[in-house]
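Here the structure is laid out as structure tokens; the discussion comes afterwards.
The values are calculated or read from the model by the stated rules, or taken from the named source; none is laboratory data. Keep in mind it's a predicted model, so treat the numbers as computed, not measured. For neighbour counting, all protein chains shown are included, and Cβ atoms are generated from backbone atoms with ideal geometry for every residue, glycine included. Ligands, DNA and RNA are excluded from the accessible area calculation, which covers all protein heavy atoms including side chains. Shrake-Rupley method; radii C 1.70, N 1.55, O 1.52, S 1.80 Å.
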Amino acid sequence: MTAKIIDGKAFAARIRGQVAEHVARLKADHGIVPGLAVVLVGEDPASEVYVRSKGRQTVEAGMNSYEHKLDADTSEADLLALVATLNADPAVHGILVQLPLPKHLNSDLVINSIDPAKDVDGFHISNVGLLGTGQKSMVPCTPLGCLMMLRDHHGTLSGLDAVVVGRSNIVGKPMAQLLLGDSCTVTIAHSRTRDLPEVCKRADILVAAVGRPEMITGDYVKPGATVIDVGINRIERGGKKMLVGDAEFASCAAVAGAITPVPGGVGPMTIACLLANTLTSCCRANGLSEPEGLTA
Ligand code: NDP
């Protein structure tokens, strides 16, 4: 079998297009422009790249982008004061504090100081609880992007067996909640799981979020299954730097029915969903109907 490649780059472009259209209508009909504030503390080069990219795509979608760059030695009190200002600013509908934060700052405290309605990353404890209890929330962007691709590919996910490998708070756990919300039978696997290949082989949907380059091989995949590879690993092979996923693409694609590539799979969906969440937040704040197909 040769798997269908799920093109996340094209899918993300479509989502961004839908967001931009909705933003244009908001502006024309109501004079409202959604705004996203991104806070970066310190000079982590990878984070700087992400933040630049987020800012560019926010503006391209017709929204306002507010970037706040703070020194690496910024105090917790100053960071919390900035978040409080953004919470109170009606022009700001989404607030994202780029992680990881420098070690002297308490990430949980900072994230939980964001107004949950503006928490477009979906990491605030209130949003985690709302998602866990099946209520309307802000959903973490990467799992939301995976869900959108799965719905697009499968139509309904109801009754499918899903295995999520990885139990982090930002990917594995919310991914499992979303799949459960769509009536999959969900297994969460992790580093202590016994006989991981056999567990994975039960899956109609296999989500790899382990942070280990190419760990999931074709031996873990049920014939015809859909493999969603969340991994982003920078490795060096044959003297060349390259990006690979948590799944070994060639062997998985030989067995799977569909697979997301790395790069060009889940990665581009994350920022597209950040824009979608900012739009959703703006609509909710103004009592307007939410954009269809852009939320969980
Ligand atoms: P974490 O390191 O926080 O979590 C990894 C999870 O994988 C843990 O639950 C861990 O288990 C599990 N794990 C590790 N080794 C094994 C193993 N040998 N067998 C089974 N399970 C194992 O990673 P994240 O969730 O933050 O990220 C996962 C991947 O997704 C990474 O490659 C990351 O780069 C990528 N990512 C991509 C994003 C995107 O935009 N596309 C966004 C965020 C992340 P345990 O809990 O037992 O330790």
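Values as computed for the structure displayed
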{"item": "Count of residues meeting criterion [under 19 Å from SER65 (Cα atoms) and either of a type in the set (Asp, Glu) or surrounded by 19 or more Cβ atoms within 10 Å (Cβ to Cβ) (or both)] in segment 19-31", "result": "5"}
{"item": "Residues (within 12 Å of GLU248 (Cα to Cα), out of contact with any helix residue (DSSP H, G or I) (no Cβ under 6 Å at 6 or more places or on another chain) and of a type in the set (A, V, I, L, M, F, W, C)) located in segment 175-231", "result": "ALA208, MET215, ILE216"}
{"item": "Test: residue in segment 75-98 that is among the charged types (D, E, K, R) and either over 24 Å from THR280 (Cβ atoms) or not in a loop (DSSP other than H, G, I, E, B) (or both)", "result": "yes"}
{"item": "Condition met for PRO263 (at pLDDT 95 or above, part of a helix (DSSP H, G or I) and within 11 Å of the ligand (Cβ to nearest atom))", "result": "no"}
{"item": "Members of segment 146-183 found to be among the β-branched types (Val, Ile, Thr) and within 16 Å of the ligand (Cβ to nearest atom), listed by number", "result": "VAL163, VAL164, VAL165, ILE170, VAL171"}
{"item": "Answer from LYS69, LYS54 - the residue that is modelled with pLDDT of 95 or more and open to solvent by 90 Å² or more (accessible area, probe 1.4 Å)", "result": "LYS69"}
{"item": "Subset of segment 227-256 (residues that are within 13 Å of the ligand (Cβ to nearest atom), in contact (Cβ under 8 Å) with a residue 60 or more places away in the chain and of a type in the set (A, V, I, L, M))", "result": "ILE228, VAL230"}
{"item": "Some residue of segment 80-89 being open to solvent by 20 Å² or more (accessible area, probe 1.4 Å), polar (S, T, N, Q) and over 30 Å from SER251 (Cβ atoms)", "result": "yes"}
{"item": "Looking only at segment 184-200, and only at residues there that are open to solvent by 60 Å² or more (accessible area, probe 1.4 Å) and away from the ligand (no atom under 12 Å from the Cβ), the one that is farthest from LEU99 (Cα to Cα)", "result": "GLU198"}
{"item": "Conditions (1) touching a Cys at 6+ places or on another chain (Cβ under 8 Å); (2) free of Cβ contacts under 8 Å to residues at least 24 places away in the same chain: number failed by HIS93", "result": "(2)"}
